[in-house]
Amino acid sequence: MREQLEQIRLQALAEMQEAADIVALDAVRVRVLGKKGELTAVLKQMGKLSAEERPVMGQVANAVRAELETKLEERKTELEAAALLEQLALEAVDVTVPGKEVRMGHQHPMNKVLQEVKEIFIGMGYQIVDGPEIEEASYNFTRLNIEEGHPSRDRSDTFYFNDDDSVLLRTQTSPIQIRVMENQKPPIRILAPGRVFRKDEADATHSPMFHQIEGLVVDEGITMGDLKGALETMIKRLYGEDAVVRFRPHHFPFTEPSCEVDMQCFKCGGKGEIDGQVCPTCHGEGWIELLGAGMVHPKVLEGCGIDSTKYSGFAFGIGLERMAMGRLKINDLRLIFENDVRFLSQF
Ligand code: DAH
């Protein structure tokens, strides 16, 4: 029996040492020290021993059990520590690995120019206001002195929502003038940017959806000089002191007198042609139309309850894309809407 115990002891110690992980170690424990284990089996045979031998063997068996239990604990501690180290190594984060590159976006070129225009007018005391894109025909046309039958009201030009042509996608930001004047007493000084819609085929200078920036100033004693001053200030700030612009008489139903403001074509330098070919940007005109403007028609003022004998005002409507094309030297309007990253990333 002594040899048996010695053999169990040696084998168990060796196996515990060899156990590669906690699971293997526990298997050794169960096999040797468990209820049905090898050591227990030997102890059960103690009854067969003589009365002198029994306490001696009992002592040896207890010593073996104690030694094995101690070894088991030691080995368990070792294996746990090793497992922990392994896990830490696995979870380690290498903070020196270069990060994934984050590509920074930036404002759309058109928004950049809009922002510049807004800041110039805010600097002159204008308030930024907004209006609905789905508009009533009375605001978009009638109250702007654009009568029934006017060509711009035609179904071939305007997107209508209903059969009686009373609701539409606004074709201009000018209806915001009416919305402001019917709610606000002079002095009025507002700037209203927004999307507008027309049934236009897309080409280098046209798109069925584009942006305008409406401006309106109403107060006592406002003249065409104020209009020119405000617009020239804006254009020179945007394009530089030497920008070449012209004010050209025009007609708008809601202003009297009216004008259009053009800038010299940046593509052909005002010549209208490049190497004998018609300039694609200004269509040979030499000028690019930037905006329409004029003195608010007395009928429009009166229609909003503003006394036209006391107050006068000017208004303007800027084509934002045209403005951005000139500002950023873009020669095709469609580029602004296509949003090709190769194009956008240049600005
Ligand atoms: N709404 C006009 C257009 O779309 C532009 C315009 C002209 C706006 C004269 C105005 C203005 O405020 O006074 O063509």
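Here are a few things to note about the model shown:
- Heavy-atom accessible area order for H297, H150, largest first, 1.4 Å probe: H150, H297
- The angle between the Cα long axis of helix 109-123 and the main principal axis of the chain comes to about 60°, on a 0 to 90 degree scale.
- Note on region 111-211: dipole from Cβ charges, positive end direction compared against F161, G123, T205; the farthest Cα belongs to G123.
- Top of D164, D26, D307 by mean-square fluctuation, Gaussian network on the chain, Cα under 10 Å: D26
- Residue with peak Gaussian network fluctuation, the chain [Cα springs, cutoff 10 Å], from A20, A293, A243: A20
- Size of charge dipole - the chain - debye, nearest 20, with Cβ of Lys, Arg +1 and Asp, Glu -1, no other charges: 800 debye
- Shown is the FRET efficiency for R248 and D164, computed with R0 = 30 Å from the Cβ-Cβ distance and rounded to the nearest 0.05: 0.25.
- Using a probe radius of 1.4 angstrom, the carbon and sulfur fraction of the accessible surface of the chain is 52%.
- Applying 0.36 nm per residue to the separation of Q7 and E78 and subtracting their alpha-carbon distance, the gain on full extension is 23.1 nm.
- Cα centroid separation, region 44-98 to region 142-170 (Å): 93 Å
- With all protein chains kept in place, the per residue accessible area of the chain amounts to 56 square angstrom at a probe of 1.4 angstrom.
- Here the peptides 273-286, 252-265 are ranked by packing, the mean other Cβ count within 10 Å, and the order with the highest first is 252-265, 273-286.
- Kirkwood hydrodynamic radius of the chain, from inverse mean 1/r over distinct Cα pairs, in Å: 27.1 Å
- Size of charge dipole - region 235-347 - debye, nearest 20, with Cβ of Lys, Arg +1 and Asp, Glu -1, no other charges: 220 debye
- Dipole magnitude for region 206-252: about 260 debye, using +1 per Lys or Arg Cβ and -1 per Asp or Glu Cβ, origin at the Cα centre.
- Against the chain, whose longest principal axis is taken from its Cα atoms, helix 22-33 shows a tilt of about 20°.
- Angle between the chain longest axis and helix 53-91 axis [Cα atoms, degrees, rounded to 10]: 20 degrees
The values are calculated or read from the model by the stated rules, or taken from the named source; none is laboratory data. On a predicted model such as this, the values are computed, not experimentally measured, just so you know. Ideal geometry is used to build each Cβ from the backbone, glycine not excepted, and the neighbour counts take in all protein chains shown. Areas reflect the complete protein model, heavy atoms only, side chains present, ligands, DNA and RNA absent. Shrake-Rupley method; radii C 1.70, N 1.55, O 1.52, S 1.80 Å.
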